[in-house]
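Beneath this line is the structure, given in structure tokens, with notes to follow.
Just so you know, all these numbers are worked out from the coordinates, no wet-lab data involved. Fair warning: this is a prediction, and the values are worked out from it, not measured in the lab. Positions of Cβ are generated from backbone atoms using ideal geometry, with glycine treated the same way; all protein chains shown enter the neighbour counts.
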């Protein structure tokens with residue numbers, strides 16, 4: 001795909017930006033999601049918004065689409081103030097959003113999806129199906145989307161569904177579309193077709209705000225880019241003037257020159273016994289041919305973006321998935337794969353990715369959640385004695401410094417950081433030899449973050465092996481070694497001293513010439529660039 | 001990310017709750033399973049006012065005896081609901097299990113009902129319980145292995161098993177029940193019907209298992225968040241299956257008590273009970289979404305429903321109004337337990 005930037009055609013004619021947000025501030029409790037943030041998108045412009053997790057991108061999207069109200073700041077659409085909060089129709093006529101998750105209802109036809117909730121003129125008017133299909137055909141033709149309006153939406157391909165979503169968004173009269181990670185589920189050819197469609201719409205005067213983790217796409221599609229970091233606006237610049245390095249630097253906040261990452265740490269002796277060994281592991285659709293060894297006393301980071309397969313690999317070690325090929329050994333003994341109790345018995349502890357989905361039974365107490373994995377220490381013959389449970393939980397509460405009114409408090413009453421500590425407590429309760437921590441500091445404040453990472457270090461110091469699966473550089477910086485994954489394969493291995501941009505580049509599949517000390521294998525580079 | 005979190009403020013909110021001193025509002029929640037106890041007391045008071053016959057041991061024992069069969073179904077349903085599943089077919093199992101047992105045990109000639117006479121009479125209770133276990137395991141297979149919708153599967157089983165009972169018993173009550181089968185439901189120990197003792201023991205066993213056994217605690221974890229339970233190494237499927245088997249076995253056992261109590265296997269034994277079972281379980285504080293509730297709460301739910309009927313009978317309310325009042329009391333009890341526990345029932 002050519003790197004040429006489409007000139008904003010309509011932009012020259014009408015200088016009033018389609019959207020102009022200034023000084024936007026949004027807080028959720030104690031968390032500042034956006035601080036004095038701003039963004040301006042000119043008509044017909046394709047504008048990229050990039051930033052790492054937690055930079056405030058999603059919050060900005062929900063403010064721009066009227067889902068959330070900002071605590072402060074001004075928001076103008078084409079020069080006039082934003083509609084009243086809750087006036088859905090007015091919002092939809094100004095801004096449209098194609099979300100990462102499809103909002104198309106698969107059971108209904110394309111035509112009905114396009115006019116959902118407005119199939120007929122009034123609530124009591126019967127729907128005239130022929131008329132509806134004709135309107136749908138007109139709408140699709142207007143944006144040159146080649147889809148049969150009578151087809152069932154679930155029979156469409158992913159990008160056809162996105163086209164339908166875009167057409168629906170435009171049919172409300174909006175000339176500004178937010179695309180939230182539209183390429184995450186597309187293959188290379190689908191991405192090509194999507195981009196072709198977007199360029200064509202751009203020529204019709206539609207402006208885009210394009211959010212993606214794939215930086216290459218930003219260069220392919222967009223004319224200017226805005227970078228957010230830590231809830232703040234960092235820079236806005238024409239893409240052509242911003243090199244890869246400068247962009248990653250803006251995202252990470254670390255200048256490319258400074259090589260030292262984190263405090264100096266001792267290296268694990270090369271003859272330390274391997275505690276966790278993974279060889280040629282393959283899980284279709286997630287990862288292939290992954291080999292990895294973690295030695296006693298070592299903390300290894302497994303880096304990777306959302307679809308890289310690193311999370312599934314971590315979960316496989318903990319017994320949540322059964323790989324199709326390959327083996328996992330813990331302390332020299334082969335693990336029975338795909339079986340959580342066996343993994344626990346072998347000494348694997350898991351801090352799962354999503355504490356709400358996989359980690360906590362939120363209505364139950366701290367004590368119960370923290371001892372959920374413990375099978376043999378709470379009483380004889382499978383009994384759970386309340387006194388022992390309380391004592392055990394109290395130990396975990398002190399060990400992890402969990403702020404809770406008591407061990408009997410339901411987990412739902414705790415703050416996010418303390419909830420995460422309960423999940424970590426649950427993983428450590430069995431005194432595991434191998435800890436697999438997936439995004440362990442997700443939604444945790446900076447103090448707790450350090451604390452948890454130190455605690456994992458302690459497990460390693462006691463002779464264990466720790467695998468930290470994450471895309472957070474803060475997590476990875478505390479590791480002795482980082483293995484990056486991209487598209488289901490290991491894309492490089494980094495000794496301490498890596499710079500943020502090297503690692504981010506590897507995670508984004510852009511392993512450039514500045515690669516670090518040793519790179520194993522070549523990344524399967526994204527084929528769409 | 002130092003900027004995203006206001007560290008000082010978050011520290012302030014977490015330390016604001018002192019470790020030792022609990023506010024009184026928090027403590028009330030610990031007793032939410034007792035929310036029906038005041039209702040029971042009020043019902044007792046009303047009963048005492050409307051009729052001198054209410055507060056006699058005969059009457060109260062009668063109420064207890066009448067509650068036994070329903071309460072066993074409630075025990076079963078409560079366990080299943082806590083584990084996050086539901087089983088509508090319990091009300092048919094209470095009828096079909098005894099009928100199949102009689103069919104296998106009773107001689108092929110002589111009595112009014114012609115059985116197969118395959119097994120000796122003493123096996124009737126074990127066979128009945130076994131039938132219950134088989135029903136439970138089949139439902140478990142359909143719901144857990146084939147991943148069918150539990151509501152519809154058990155709704156189908158409800159109809160199918162009721163039909164099976166009618167077909168085998170030819171729509172008749174079976175009166176010539178073996179003595180061993182009748183014993184538990186009809187005898188008394190220490191002046192109180194054996195069925196009442198058995199119920200009390202089973203509730204105590206179940207309650208203790210939920211409180212003090214690892215696998216009992218696992219039910220709450222599974223019902224509350226089965227994915228979290230799975231990642232914690234709990235064998236979710238196996239335990240759920242066992243709970244479904246226990247549930248149906250309890251229903252079959254309720255059939256034994258019912259048959260003994262009335263001296264025969266009646267043709268519509270248990271018919272329509274499932275509404276009462278769910279009502280009692282839910283007003284007793286067990287969540288339909290799983291993960292919450294206690295057996296004691298469920299027991300108070302049964303007693304509430306039974307006491308209302310008893311008090312109304314004693315007060316001379318025309319029996320034609322019973323059904324209306326029964327439904328009304330379920331809704332009133334729900335409202336009461338909603339506000340007593342202060343939690344949404346969804």
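Note on segment B:211-346: Rg/Rh from C-alpha atoms, Kirkwood Rh, equals 1.03.
Adding -39500 (n - 2.57) for every DSSP H run of four residues or longer, then dividing by how many residues the protein assembly as shown holds, sets the calculated 222 nm ellipticity at -14000 deg cm²/dmol. Remark: mean inter-chain Cβ contacts per residue of A:312-320 equal 1, using a 10 Å Cβ-Cβ cutoff to other protein chain atoms.
Given Cα pairs under 8 Å that are at least 6 residues apart, what percent is the relative contact order of chain A? Relative contact order comes out at 15 percent.
When only Cα pairs below 8 angstrom with a gap of at least 6 residues are kept, segment A:105-155 shows a relative contact order of 58 percent.
With the simple model of a label 7 Å out from the Cα in the direction of the Cβ, residue A:28 to residue B:313 spans 5.7 nm.
According to the square roots a ≥ b ≥ c of the eigenvalues of the Cα gyration tensor, what is the shape class of segment A:360-431, taking rounded for a/c under 1.5, prolate for a/b larger than b/c otherwise, and oblate for the remainder? Cα axes put segment A:360-431 in the prolate bin.
Each Cα pair under 8 Å and six or more residues apart adds its sequence gap; the mean of these over the residue count of segment B:87-133 is a relative contact order of 35 percent. Order by neighbour count: A:203, A:159, fewest other Cβ atoms within 10 Å first, most last. Ascending Cβ contact count within 10 Å gives the list A:203, A:159.
When a/c reaches 1.5 or more, the comparison of a/b and b/c decides; with that in mind, is chain B rounded, prolate or oblate per its Cα gyration tensor? Note, shape of chain B comes out oblate.
Applying 0.36 nm per residue to the separation of residue B:116 and residue B:187 and subtracting their alpha-carbon distance, the gain on full extension is 22.8 nm. What shape does the protein assembly as shown take by its C-alpha gyration tensor, where a ≥ b ≥ c are the square roots of the eigenvalues and a/c under 1.5 counts as rounded, a/b above b/c as prolate, and the rest as oblate? Verdict is prolate for the protein assembly as shown. A compact globular protein would have a Cα radius of gyration near 2.2 N^0.38 Å; the ratio found for segment A:89-233 is 1.09. Semi-axes of the equivalent ellipsoid for segment B:170-275, computed as √(5λ) from the eigenvalues of its C-alpha gyration tensor and ordered from largest down, come to 34, 18, 10 Å. Between residue A:141 and residue A:89, the FRET efficiency from the beta-carbon distance, with R0 = 25 Å, is close to 0.55. Each residue in A:115, B:113, A:85 was given a count of other beta-carbon atoms within 10 angstrom of its own, and listing them fewest first yields A:85, A:115, B:113.
Computed over chain B with a Gaussian network model linking Cα atoms closer than 10 Å, the most mobile of B:269, B:147, B:170 is B:147.
Among the residues of B:217-227, the average count of other protein chain beta-carbon atoms within 10 Å of the residue beta-carbon is 5. Judged by the mean number of other Cβ atoms found within 10 Å, the most tightly packed of the peptides A:208-220, B:214-226 leads the ranking B:214-226, A:208-220.
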